[in-house]
Amino acid sequence: MKVFHYHFGKDGGAEKFFVHLARGLGRRGVEQTSVIRPDRLWRKDIEPYSKIIESNFRNLSPDRLLLPMKVRYLAEREKPDALFSWATRASRLMPNYKGCIKISRLGDYPTNLSYFKNTDVLVCNTPGIGEHVRNMGWTRGVEVISNFTTTDRVAPVDRASLDTPEGVPVVMSMGRFVPRKQFALLTAAVAKLPGVYLWLAGDGEEMENVRKVAADLGVSDRVRFLGWQKDTRPFVAASDIFVMPSSHEPLGNVILEAWAQHKPVVSSRSEGPLWFMRDGENGLLVDIGDTDGFSRAIERLINDNVLREKVAAGGNQTLMQQFSEEAVCNAYIELFKRKP
């Protein structure tokens, strides 16, 4: 089986899943070619499983004209079983090629369907996104296939390496530092809990604002900015509670990663978590933007060992039953077999 991927993402949760899926498909014998941005940190992670073509596909670059011709030529020459674009920008590159199924994967809610003029099937990673595109007037195929993450438990980092005392409660979150991730709100929530430390992994334009919030609230000594980490699992493993406070989150890959390390999770009631989380069973849910609510939920887990163990175990069970590599890769492979 042969698949061509078009992916112009940067460095975030969607890119982590792309790496996971490329590896998973490669382990199952799928031959892959990937068109990606140059100099991606994760390029070396997919190189054993995929041929790589680099391009920025920018409007004012020669590739904006040449790359569409190149991918059309490659499709006609190589005759893949599927063409697979990731999100809206890459879907513009999808050639009008009739020889195989053409798939666009959506990890968020699109605002315009014109990107997908050459797409046969939209793969949505939550039912909500599928319903959204149908409501927008999409009449071609829709499939809901979610994400998976690595489920191996890893050894925790040494807290001393992050200037964090042993025995103190550590809350962790991670992702791109953009306003919708609500890291400033989480910082304010942790500030209300004396003695609790906060670790934030990731990078982005909102980082300086979050640093300022921590300084203004007098908790810079309890907040650690970890930067971009290729492998966040050792940091999650060393924390006590994982929190995802996003105001908008179509799925929430980071929750799955926390569950893989058997950590209790507190999440906002954003779109993705409302689909697969059950309050008090596999996590705690808090209203979007409720700083005090996040403080209370974190405090509950710190003080209630039984609840903490219950939701951590429930989360890991949900991960294994609903978001396994085997189930997700098999679903994609069956889709690749489908005729357009």
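Quick one: in the stretch 20-37, of everything that is in a loop (DSSP other than H, G, I, E, B) and within 17 Å of Ser85 (Cα to Cα), which residue is farthest from the chain's Cα centre (by Cα)?
Out of the qualifying residues, it is Val30.
When the residues of the stretch 168-219 are filtered to those that are within 23 Å of the chain's Cα centre (by Cα) and among the hydroxyl-bearing types (Ser, Thr, Tyr), which remaining residue is surrounded by the most Cβ atoms within 10 Å (Cβ to Cβ)?
Thr187
With the condition being touching a residue at least 24 places away in the same chain (Cβ under 8 Å), among the small types (Gly, Ala, Ser) and in contact with a helix residue (DSSP H, G or I) (Cβ under 9 Å, 6 or more places away or on another chain), I'd like the strands (runs of 3 or more DSSP E) fully within the stretch 239-340 carrying at least 2 qualifying residues.
Hits in the stretch 239-340: 265-268.
Here are some residues: Lys70, Lys10, Lys79, Lys44. Which one is among the basic types (Lys, Arg) and touching a Ser or Thr at 6+ places or on another chain (Cβ under 9 Å)?
Lys70
List, please: which pairs have Cβ atoms under 6 Å, are six or more places apart or on different chains, and start with a residue in the stretch 197-215 that is free of Cβ contacts under 8 Å to residues at least 40 places away in the same chain and end with one that is open to solvent by less than 30 Å² (accessible area, probe 1.4 Å) and among the hydroxyl-bearing types (Ser, Thr, Tyr)?
The qualifying pairs are Tyr197/Thr164; Leu200/Ser173; Ala201/Thr232; Val210/Thr187; Val213/Thr187; Ala214/Thr187.
Would you mention how many residues in the stretch 69-106 are over 26 Å from Asn125 (Cβ atoms) and either without any contact (Cβ under 8 Å) to a residue 60 or more places away in the chain or surrounded by fewer than 17 Cβ atoms within 10 Å (Cβ to Cβ) (or both)?
Of the residues in that region, 10 qualify.
Going by the structure shown, is Thr119 within 24 Å of the chain's Cα centre (by Cα) and either in contact (Cβ under 8 Å) with a residue 60 or more places away in the chain or open to solvent by 10 Å² or more (accessible area, probe 1.4 Å) (or both)?
For Thr119, the condition - within 24 Å of the chain's Cα centre (by Cα) and either in contact (Cβ under 8 Å) with a residue 60 or more places away in the chain or open to solvent by 10 Å² or more (accessible area, probe 1.4 Å) (or both) - is not met.
Kindly evaluate Ala260 against the criterion of being of a type in the set (A, V, I, L, M, F, W, C) and either under 25 Å from Asp45 (Cα atoms) or in contact with a Pro (Cβ under 6 Å, 6 or more places away or on another chain) (or both).
Against the criterion (of a type in the set (A, V, I, L, M, F, W, C) and either under 25 Å from Asp45 (Cα atoms) or in contact with a Pro (Cβ under 6 Å, 6 or more places away or on another chain) (or both)), Ala260 qualifies.
Across the stretch 41-51, which residue is nearest to Gly24 (Cα to Cα) among those that are surrounded by fewer than 16 Cβ atoms within 10 Å (Cβ to Cβ) and either more than 22 Å from the chain's Cα centre (by Cα) or of a type in the set (A, V, I, L, M, F, W, C) (or both)?
Among those that are surrounded by fewer than 16 Cβ atoms within 10 Å (Cβ to Cβ) and either more than 22 Å from the chain's Cα centre (by Cα) or of a type in the set (A, V, I, L, M, F, W, C) (or both), it is Lys51.
Tally time: how many residues in the stretch 148-167 are at pLDDT below 95, out of contact with any Gly (no Cβ under 8 Å at 6 or more places or on another chain) and either open to solvent by less than 40 Å² (accessible area, probe 1.4 Å) or of a type in the set (Val, Ile, Thr) (or both)?
3
How many residues are surrounded by fewer than 20 Cβ atoms within 10 Å (Cβ to Cβ) and part of a loop (DSSP other than H, G, I, E, B) when one looks only at the stretch 107-116?
Final tally of qualifying residues: 4.
For the stretch 122-143, which residues satisfy the criterion of being open to solvent by less than 10 Å² (accessible area, probe 1.4 Å) and either assigned to a helix (DSSP H, G or I) or within 15 Å of His5 (Cα to Cα) (or both)?
Leu122, Val123, Ile129, Gly130, Val133, listed by residue number.
In the stretch 12-40, how many residues are open to solvent by less than 40 Å² (accessible area, probe 1.4 Å), more than 16 Å from Leu93 (Cβ to Cβ) and touching a residue at least 60 places away in the same chain (Cβ under 8 Å)?
Selection size over the stretch 12-40: 8.
Count, please, the residues in the stretch 204-227 that happen to be over 17 Å from Val170 (Cα atoms), in contact with a Leu (Cβ under 9 Å, 6 or more places away or on another chain) and part of a loop (DSSP other than H, G, I, E, B).
Residues in the stretch 204-227 being over 17 Å from Val170 (Cα atoms), in contact with a Leu (Cβ under 9 Å, 6 or more places away or on another chain) and part of a loop (DSSP other than H, G, I, E, B): 0 in total.
The values are calculated or read from the model by the stated rules, or taken from the named source; none is laboratory data. What you are looking at is a predicted structure, and each value in this text was computed from that prediction instead of being measured. Because the Cβ atoms are built from the backbone with ideal geometry, glycine has one as well, and the counts that use them run over all protein chains shown. Areas reflect the complete protein model, heavy atoms only, side chains present, ligands, DNA and RNA absent. Shrake-Rupley method; radii C 1.70, N 1.55, O 1.52, S 1.80 Å.
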